[in-house]
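These notes concern the structure reproduced below.
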Amino acid sequence: MSTHSDFTALDSTSRKPREWYLFGSIENGQNFQEVHINRSGFRIGRRFGCDLQLMWATVSGTHAEFSMRPGDLLVLRDLDSTNGTFVNGQRISGEVLLQEDDIVQLGASEFRVLTRGTNETQIDETIDFSFLPSQLVALEELIHGAGVVPHYQPVVHLADNSVVGYEVLARSDNPELSTPFQMFSLAEKLELSDALSTACRTAGLHHAKNLPADKILLLNTHPSELKQEELLSSLEVLRRSAPEQAMMLEIHEAAFTDLAAMAVLQERLNDLQIELAYDDFGAGQARILDLIEVPPDILKFDISLVRDIHESSGKHIKMVKTLVSMVRDFGITPLAEGIEKEAEAETCLEIGFELAQGFHFGRPSTTFVQSGVCEHIAGNRPQCEP
């Protein structure tokens with residue numbers, strides 16, 4: 001992202017001929033399209049007759065104007081609009097020099113500034129984008145490690161509530177992409193899920209550098225990563241950066257469909273001294289025989305199996321108890337997910353669960369909770385959450 005200054009300060013003689021475009025949505029809810037800024041004095045507003053008419057209620061009749069300057073430079077000025085004109089989040093006054101990839105906001109509408117020479121490839125205007133230009137910038141920053149705020153949820157021994165480790169959960173301090181759903185939904189559309197997942201694991205380990213090495217960090221994966229060699233490469237980097245830290249890789253139970261590939265992955269994880277956990281067991285089709293062929297160290301039973309289990313029918317409790325007993329017989333540690341009540345925890349302990357996780361023991365937080373004591377990490381204010 002550029003730093004804006006007076007356009008006269010730049011040497012225009014060194015620039016090649018360029019054409020300028022805006023990329024965004026002309027009307028709320030419409031797909032994005034590319035608009036050519038084809039003349040100096042190009043006006044944008046809601047009023048009929050503007051060079052670009054924006055059908056947004058927050059856009060003024062004549063909102064802003066783009067003008068060309070010698071050297072193929074582009075400047076923008078606000079035309080005393082009601083809701084203002086912003087460049088990269090800052091409200092402008094007077095003329096502002098624009099650079100490629102700047103984000104221009106007029107009212108609630110947003111556009112990304114594009115530029116290219118006449119012989120360059122045209123952008124495909126048929127692509128169905130459903131995100132804002134500023135979200136693209138936010139995602140790029142997250143992938144490069146800026147703005148990722150790891151949260152940690154404790155995993156406890158049910159017998160005494162002692163903390164054995166923490167699941168690392170992805171969050172962001174960017175309001176454009178603050179939740180995991182927002183982050184990964186956009187990354188999936190752009191086929192960047194692997195890169196985002198790697199960035200989240202890296203941040204999770206970095207911010208936990210003061211965690212005792214014997215506390216396990218449960219690191220999540222995206223299903224698409226299981227088909228890529230880059231997953232193991234990224235884990236090798238993590239292991240080199242924290243050679244003593246206990247780590248465990250979480251894989252969704254439904255994500256592994258190739259037993260041979262999973263066996264190879266497990267072998268490579270063993271070489272890295274990284275344990276394996278299968279997540280959300282029981283949420284869909286529980287392939288017990290497949291799980292036994294490539295057994296994890298921990299099997300996380302889905303919340304649907306343990307929610308209000310203390311009030312469940314005898315048949316349901318017997319079924320869960322049988323599954324727990326079966327996995328324990330194969331040397332797998334069962335973990336109950338989503339525990340929110342003391343009664344749920346007591347019943348899970350009675351039927352054989354060894355580990356548990358859920359709001360009852362601690363919500364995801366930027367702090368580590370150990371036996372009711374919060375530890376300050378990553379410069380964030382300590383906060384204990386029940």
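Descriptive notes on the structure:
- Against the criterion of being modelled with pLDDT of 50 or more and either surrounded by 13 or more Cβ atoms within 10 Å (Cβ to Cβ) or not in a loop (DSSP other than H, G, I, E, B) (or both), residue 43 qualifies.
Residues are listed down the side, and each one gets a yes or a no for (1) in the same structural domain as residue 216 (by the TED database); (2) among the hydrophobic types (A, V, I, L, M, F, W, C); (3) at pLDDT 85 or above:
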{"site": "149", "(1), (2), (3)": "yes, yes, yes"}
{"site": "152", "(1), (2), (3)": "yes, no, yes"}
{"site": "164", "(1), (2), (3)": "yes, yes, yes"}
{"site": "167", "(1), (2), (3)": "yes, no, yes"}
{"site": "179", "(1), (2), (3)": "yes, no, no"}
{"site": "184", "(1), (2), (3)": "yes, yes, yes"}
{"site": "191", "(1), (2), (3)": "yes, no, no"}
{"site": "194", "(1), (2), (3)": "yes, no, yes"}
{"site": "199", "(1), (2), (3)": "yes, yes, yes"}
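- Of everything listed in (1) surrounded by fewer than 21 Cβ atoms within 10 Å (Cβ to Cβ); (2) in contact with a Gly (Cβ under 7 Å, 6 or more places away or on another chain); (3) not small (Gly, Ala, Ser), the single unmet condition for residue 306 is (1).
- Single match in 249, 259 (criterion: surrounded by fewer than 18 Cβ atoms within 10 Å (Cβ to Cβ) and under 21 Å from residue 228 (Cβ atoms)): 259
- Scope segment 141-169; condition assigned to a loop (DSSP other than H, G, I, E, B) and either touching a Lys or Arg at 6+ places or on another chain (Cβ under 9 Å) or more than 18 Å from residue 201 (Cβ to Cβ) (or both); matching residues: 149, 150, 158, 159, 160, 161, 162
- Against the test of being modelled with pLDDT under 95, in a helix (DSSP H, G or I) and more than 21 Å from residue 165 (Cβ to Cβ), the options 283, 254, 260 yield a single qualifying residue, 260.
- Look at (1) crowded, with 18+ Cβ neighbours inside 10 Å; (2) of a type in the set (S, T, N, Q); (3) at pLDDT below 85; (4) closer than 23 Å to residue 73 by Cα and you find that residue 135 fails only one, number (4).
- Long-range neighbours under 7 Å by Cβ, at least six apart or interchain, first residue in the same structural domain as residue 227 (by the TED database) within segment 255-268, second at pLDDT below 90 and among the aromatic types (Phe, Trp, Tyr): 262/256
- Yes/no for residue 231 being surrounded by fewer than 20 Cβ atoms within 10 Å (Cβ to Cβ), more than 22 Å from residue 164 (Cβ to Cβ) and not hydroxyl-bearing (Ser, Thr, Tyr): no
- Search result, residues across segment 232-251 that are assigned to a strand (DSSP E or B) and either more than 18 Å from residue 213 (Cβ to Cβ) or out of contact with any Lys or Arg (no Cβ under 8 Å at 6 or more places or on another chain) (or both): 248, 249, 250, 251
- Subset of segment 199-220 (residues that are in contact with a helix residue (DSSP H, G or I) (Cβ under 7 Å, 6 or more places away or on another chain) and surrounded by 22 or more Cβ atoms within 10 Å (Cβ to Cβ)): 199, 201, 217, 219
- Sub-6 Å Cβ pairs linking a first residue in segment 354-369 that is touching a residue at least 12 places away in the same chain (Cβ under 8 Å) to a second residue that is in a loop (DSSP other than H, G, I, E, B) and among the β-branched types (Val, Ile, Thr), at least 6 apart or interchain, are 356/339; 358/339; 360/339, ordered by first then second residue.
- Among the criteria (1) surrounded by 14 or more Cβ atoms within 10 Å (Cβ to Cβ); (2) free of Cβ contacts under 8 Å to residues at least 12 places away in the same chain, the one residue 271 does not fulfil is (1).
- Considering (1) among the hydroxyl-bearing types (Ser, Thr, Tyr); (2) within 30 Å of residue 289 (Cβ to Cβ); (3) touching a Gly at 6+ places or on another chain (Cβ under 7 Å), the lone condition that residue 257 does not fulfil carries the number (3).
- Qualifying residue in segment 264-271 (condition: assigned to a loop (DSSP other than H, G, I, E, B) and either under 21 Å from residue 330 (Cα atoms) or modelled with pLDDT under 95 (or both)): no
- Residue 340, sole failed condition from (1) within 32 Å of the chain's Cα centre (by Cα); (2) crowded, with 16+ Cβ neighbours inside 10 Å: (2)
- Screening residue 210 with (1) within 24 Å of the chain's Cα centre (by Cα); (2) outside any loop (DSSP other than H, G, I, E, B) gives one miss only, at (2).
- Within segment 65-84, considering residues that are in contact with a Lys or Arg (Cβ under 7 Å, 6 or more places away or on another chain) and under 17 Å from residue 113 (Cβ atoms), the one modelled with the lowest pLDDT: 71
- Within segment 72-88, if we keep just the residues that are part of a loop (DSSP other than H, G, I, E, B) and surrounded by 15 or more Cβ atoms within 10 Å (Cβ to Cβ), the residue that is farthest from the chain's Cα centre (by Cα) turns out to be 72.
The values are calculated or read from the model by the stated rules, or taken from the named source; none is laboratory data. Here the structure is a predicted model, which is why all the values come from computation and not from measurement. Note that we place each Cβ from the backbone using ideal geometry, even for glycine, and neighbour counts take in every protein chain shown.
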